[in-house]
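A quick write-up on the structure given underneath.
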Amino acid sequence: MPIYLRKTLHSLSLLLGVTFISFLLMVYFGPDRSYAIAGKNPDTAQLEEIRQQLGYDQPFLNRYFTYIKDLASLNLGQSESNGKPVSQLLAETIPVSLMVLLPGFLVGNLLALLLAMVAAWYRHSWPDRLLTNLSLAGVSVSFLIIIILLSTWLCTPQGLNLFPSRGWRVDSLASWFTYATVPSLALIIVTVFFNLRFYRALLLDEMQQDYIRTARAYGAGPFSIMFKEALPNTLIPFLTRLLFSLPAILVSGSLLLESYFGIPGVGKVSFDAIFNADQPVLNAIVSLSAILVIVIAWLADFIYPYLDPRINLQAETP
Amino acid sequence: MTASLKSAKFSSRYKLPALGTLIFIGFIGILLTLAVYPLAEWQTISPDRFAGISLEHPLGTNALGQDIASRAEKASWHSLRIGFLVALCAGLLGVSLGLLSGWYAGRWPDTVILWLTGVMEAIPFYLFVAALAYALRQFNWSMELAMVITFWTTMARLIRAEVIRLKQRDFILSARAIGLSPGRTLTAHILPNTLPVLLVQLSMIFIAAIKAEVILSFLGLGNNSNISWGQMISESTHEVISGHYMNFVSASILLFMLIYSISLITDSLQTRSDPRQGIA
Amino acid sequence: MLPRTLCLIVLGTSLLWGCDKNADSEATTEVVFRHALEDSPISLDPAHAATVSAKFLAVNLYDTLYRYKYLARPYELVPNLATSLPQISTDGLEYTIQIQAGTYFQDDPVFINGSGREVTAADFIYSIKRQLDPQTRAQGAWLWVDNIAGLKAWSEAGADYRLPVSGLQAPSRYAIKITLNHANPYFTHSLAQGFAAIVPVEAISKWGREFSSRPVGSGPFQLASFNTSQAVLVRNKNYREDFFSLESEGGIQENHPRLASNNGQKLPLSDRIELLFIKDDVARWNALESDAVDSILAPATLLTQILTTDSEANTRFKLKPALTEKYELLAAREAGFVRINFNMDDANIGYSTDPERNQANLALRCAIRKSYNWKARNQIFSQGSGQVFAGIIPPIVYEFDPEFSPESIRHDPSGARELLRQHGWNADNLPMLTYGYSVSVTQNQMFEQFRGFLIEIGYPAEKIQARKFANFGDFLRALHENNLNTIPSGWEMDYPDASDTLQLYYGPNRTPGSNNANFNNPEYDRLFRKARYMPQSPERTTTLAQLNQIVTDACVTISGLARTRIFIWNKRANVIPDRAFTGGYFLRFATLNTAGNKPESP
């Protein structure tokens, strides 16, 4: 079987698995809506009728296929809480989440990469020690604590009171700075601590290669070695990490950040959906983000060989 | 692996674990002291609100007059319990599936396990917890179960890679040549050699579980009737504004002590097993 | 028939309003007023306007026939969409109400050509009928079902809109005739509720369930955006000619010099209202302090930071000196009260078919009530600003009886323990208490306090469990689906009469109605029916006292506390944000003193 086909089949099977688990947890064992619809004191016949309407009486597999069909056609249903179509809810919230998270995420990663270069260049001397120890201590501080300290410091009259403590009314760059600065700072701090040591290890790996040793021996400066030699070769793992953490950041990362700062993005909507057992919303977010992960992985498999001829698809599968 | 362990320079590498061990002993010391110290029950309320530090209340009291030290102590055990439980179960699951998968690499058990890993890694963790909690409704351990189901995957991947690597070694090949059963080979010869990777990964799961529990209970998704650091921190967001810091300080310092000490110890383990990774 | 008339109206009006829009577009700078609410509404459908925030939006996006005067206290009804107070027949059964001609719904694609058509008597009738349609799953049906003649029968016959309801008629395009089943001196108050808001049939046929997030009304504002964090309302350009008059709102020039400066201005006074939904107390206070909002309900948990220490319960409340320069304050006893109900449907704690168990359960509930320390509750969560009272008739109501036996609010842990012992309750056989609430730090601490009280009487801590919900509306919705038996409940009164709190224990109002205790006592129901529509009189007072006694004796609730609402607003704002009874009606009068200046962003 050609390798591309095999990869695609693998991704498809993953999709099947993810949708199956979402279906099992959120539809099959999920909330039974018939009672909510029937209202008070329904008799069994009424309930039976509603269950039929909702398709609860269908065999397991039929329900699963209906579910897949709805998902594939993006027929995500309506929010149980407020009647909004889920697709519209997502269309409203995804841009907000991207606006809150993407800048901080990118800046944090770039900063981590730069600091990792410093650490790698000064390997084993004090800047390296300082940075690596600091990042180890940093990852030990919960994201939650960072958010609370930062917002108490920057957003309350007890501190500097420079920014609103919560809310989201963004229609211009200035208003973006007003509302997104503090959440972004929190995200940057976490991202730097979280990634610094990983990027340092990547760079160290590269720097032990013969060609860099040679370049160093010939007296090449830190900038030319880092940016011209080491960086291009670490680009692939760097991008991989960036891409693969994106869905997690978008959903899980935004959950805490958005509910803390009251930002109406995907995280806040999923937070509300969790508490309301708003199954159509939760279901859409879980399935779609899982699908996103799989699609990214699948795309990465195709793109990498073009970026870096050393990567051979065959090599990955033992 | 053993080779790199022996060749490692011990002298410079014992400094940090010493700090880690010290903090960890300090953490456990605080807990044991509080455990034997006569404190009020963590649920008990009293008219003595926002009391300062005293012999009766070593960390003061909160808005309801509850003893913060006793709440902090209960929350710490709660966290430790979750950390150990999740690490143990997820570790066990990850190791067994990893061994299986590595041994049968390329064959169907491997394919199935790899597929399962891929599926689990694609689902966002916090939402998975929520969905599982809903599906299992009244089941009190749904949060822990969700963590176990999601946290085993990295362990399985790492163990699988180790098994594949070790399988080709001479001593394994000879063990198989003399007719040792696969089960025996795996447990007696391969497993002990994966120990460094296994320990590092176990403590990573431990840390992840504790951190996740704090965030979940802060958000109100935790076990409803227990006390946890996350809940103390969420209470403290109200109190900090009126100058009462003890809830926040005690919960966040204990949390930091535990995570930092375990991280330091893990890091030194990792450095010894793979010198490139850690802080030299 | 209807479509053709519609066509004509729409054609006529679109021409008219076309001109008006041009005139409006030269408005110079926008006046933006920003207010924080404590909870976000789930649904903007007036049929679901059961929570404070949902009602807030309903009365601003939609029209009601009547509303309360902005400033008159005690509260006074005033015509809103109606031209005058209703003409009531001598037997008190027939209400004739004229509505203002020339009121148009906001422009919206649901209407032909997209421009709002005129509001007519038929719209009111549709809006009430709709709440008896099971499809709507309305939460306000209880206001109408027993009052309006023929409504119940219409609903039971399948809610067919083509069929008339005898008690709801439109003698002319602008006249409404309501026939009641029985004389009810308080009925007009119902017409000032969010539930009484007038909705256009076009929007519901077009959007179905989605209508709850796509409001189309004729109120002073229309919706610009809405999510769980905020709602933005903008001036409804089609809003009828309605002008501010301090005098007719019950205000006095000397008391409200700054409000008087708005005399004669067209309502609403602001171009844009931003409602921020901030559940967290600290965040809400921060929002005011950092100028993110102009007015808030002061968080009770932070009152010690806000008020001077000599502010005591029932006396004048004063801001801390550091705050007086920037803010103003209004203290108002809440129109309602808080209490903790037991779910009588739960056989473990409520009604049991076994008479012996029934008695034991009664003792159990009474013991729990004895364990509750209202004074501590008031102190910790309201800084002592509230008023603890016995029974279910709160102090704001005419029939409130200060002499009512305080036994039911006496903190008596030893009596509670004794009662449990007498009825054979012990740590092993005490039932599991499931205490539900919408998740917030304060609610969580109230739960811990409740648990603390129970521990004092020997209740095992692990048998007191919490169930959390994301917001208040969902908590309400979950009541009859979930297994809750201990239900902390607040009641914001709809109209200033005791029947509005006594109906909380009326059998037919059981969940999903407001009787979330599912209290079911035939004697209570009989007396309630008798007293409900009686005009205020000594006889009524006596009957109400009997009702109060029945609920108290049955230990169905731990009641109660009437809190004091402290509203605080920035001096820049020109507003009195009191919302008792008046709900969100004040928003149309809210403006800024430096009108025309957009508030600066912090």
How high is the relative contact order of chain A, in percent, with contacts defined as C-alpha pairs under 8 Å that are six or more residues apart? 25 percent
So how far, in whole Å, is the C-alpha centre of region C:121-162 from the one of region C:258-297? 35 Å
Let me know the charge dipole size of the protein assembly as shown about its Cα centre in debye, to the nearest 20, where only the beta-carbon of Lys, Arg (+1) and Asp, Glu (-1) is charged. 3120 debye
Dividing the helical contributions, -39500 (n - 2.57) per DSSP H run of n ≥ 4, by the residues of the protein assembly as shown yields a 222 nm value, nearest 500 deg cm²/dmol, of -16000 deg cm²/dmol
Which aspartates and glutamates does C:LYS152 reach when only Cα atoms under 16 Å apart count, and residues fewer than 8 places away in its own chain are ignored? C:ASP133, C:ASP160
Compute the separation of the alpha-carbon centres of region B:143-218 and region A:134-175 and state it in Å as a whole number. 38 Å
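Placing +1 at every Lys and Arg Cβ and -1 at every Asp and Glu Cβ, with all other atoms neutral, what dipole size does region B:41-110 have around its Cα centre, in debye to the nearest 20?
On the way: 5 positive and 6 negative charges, 58 e Å.
Using only the charged Cβ atoms, the result is roughly 280 debye.
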With only Lys, Arg, Asp and Glu charged, each at its Cβ (+1 for the first two, -1 for the last two), find how big the charge dipole of chain C is about the Cα centre; round to the nearest 20 debye. 260 debye
Distance in nm between label sites at C:LYS326 and A:LEU130, each 7 Å beyond Cα in the beta-carbon direction? 3.8 nm
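Name the helices (complete DSSP H segments) of chain B with a Cα length along the long axis of 27 Å or more and a Kyte-Doolittle mean of at least 0.0, or state none.
Working: long enough: B:15-36 (32 Å, 2.10); B:68-103 (51 Å, 0.96); B:142-167 (37 Å, 0.73); B:195-218 (34 Å, 2.02); B:246-273 (40 Å, 1.07).
Taking the DSSP H segments of chain B (at least 27 Å long, mean hydropathy at least 0.0), we get B:15-36, B:68-103, B:142-167, B:195-218, B:246-273.
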One finds the C-alpha centres of region B:96-133 and region B:30-63 to be spaced, in Å, by 45 Å
Tell me the relative contact order for chain B as a rounded percent, counting alpha carbon contacts under 8 Å between residues six or more apart. 26 percent
Output ordering of C:236-248, B:244-256 (per-residue mean of other Cβ within 10 Å, highest first) is B:244-256, C:236-248
Between chains A and C, total accessible area buried, probe 1.4 Å, no ligands or nucleic acids, nearest 100 Å², roughly 2700 Å²
Which residue, B:LEU32, B:LEU158, B:LEU93, tops the fluctuation ranking in a GNM of chain B built on C-alpha contacts under 10 Å? B:LEU32
Mind telling me which of B:GLY60, B:GLY91, B:GLY83 comes out most flexible in a GNM of chain B, alpha-carbon contacts under 10 Å? B:GLY60
Calculate, in nm to one decimal, what C:LYS530 and C:TYR351 gain on full extension: separation in residues at 0.36 nm each, minus their alpha carbon distance. 61.9 nm
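Can you give me the relative contact order of region C:304-460 as a percent, contacts being Cα pairs under 8 Å and 6 or more apart? Could the numbers behind the result be given before it?
On the way: 151 pairs, mean separation 34.4, N = 157.
In percent, rounded to a whole number, it is 22.
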Set the bar at 22 Å for Cα to Cα. Now go through C:LYS320/C:LYS375; C:LYS237/C:LYS266; A:LYS268/C:LYS206; C:LYS279/C:LYS320; C:LYS237/C:LYS279 and name every pair that lies beyond it. C:LYS320/C:LYS375; A:LYS268/C:LYS206; C:LYS279/C:LYS320; C:LYS237/C:LYS279
Shielding by partners for A:283-291, please: the mean number of other protein chain Cβ atoms within 10 Å of each residue's Cβ. 3
Among A:PRO222, A:PRO59, A:PRO127, which one moves the most in a GNM of chain A with springs linking Cα atoms closer than 10 Å? A:PRO59
How would A:TRP126, B:TRP115 line up by accessible area, probe 1.4 Å, largest first? A:TRP126, B:TRP115
Can you give the FRET efficiency for C:ALA72 and C:THR304, using 1/(1 + (r/R0)^6), R0 = 45 Å, r = Cβ-Cβ distance, to the nearest 0.05? 0.90
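Quick one: length gained pulling A:ARG216 to A:TRP176 fully straight, 0.36 nm per residue minus the C-alpha distance? Working shown, then result.
Details: separation 40, 0.36 × 40 = 14.40 nm, distance 4.40 nm.
Gain in length upon complete extension: 10.0 nm.
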Over all residues in C:205-213, what is the mean tally of Cβ atoms on other chains that come within 10 Å of each residue's Cβ? 4
Calculate the spin-label point distance for A:GLN88 paired with B:SER96, positioning each point 7 Å from the Cα along the beta-carbon direction, and give it in nanometres. 4.9 nm
Which residues' amide hydrogens lie under 5 Å from the amide hydrogen of C:GLN230, considering only partners 5 or more residues apart or on another chain, with H built in the peptide plane? C:PHE277
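Between C:THR90 and C:SER248, what is the FRET efficiency for a Förster distance of 35 Å, r being their Cβ-Cβ separation, to the nearest 0.05? It would help to have the intermediate numbers written out before the result.
Values: r = 28 Å, r/R0 = 0.80.
In this case the efficiency is close to 0.80.
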Excluding residues on the same chain fewer than 8 positions from C:LYS326, give the aspartates and glutamates whose Cα lies under 14 Å from its Cα. C:GLU289, C:ASP291, C:ASP294
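Can you work out the FRET efficiency for the pair A:ASP205 and A:VAL295, with r the C-beta to C-beta distance and R0 = 25 Å, to the nearest 0.05? Before the final figure, lay out each step's value.
On the way: r = 29 Å, r/R0 = 1.15.
That pair, A:ASP205 with A:VAL295, gives E of 0.30.
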What does the average come to when, for each residue of peptide B:38-45, you count the partner chain Cβ atoms lying within 10 Å of its Cβ? 4
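The values are calculated or read from the model by the stated rules, or taken from the named source; none is laboratory data. Predicted model only: the values in this text are computed from it and were never measured. Here Cβ is always computed from backbone atoms with ideal geometry, including for glycine, and neighbour counts include all displayed protein chains. Please note that ligands, DNA and RNA were not included when accessible areas were found on the heavy atoms of the full protein model with its side chains. Shrake-Rupley method; radii C 1.70, N 1.55, O 1.52, S 1.80 Å.
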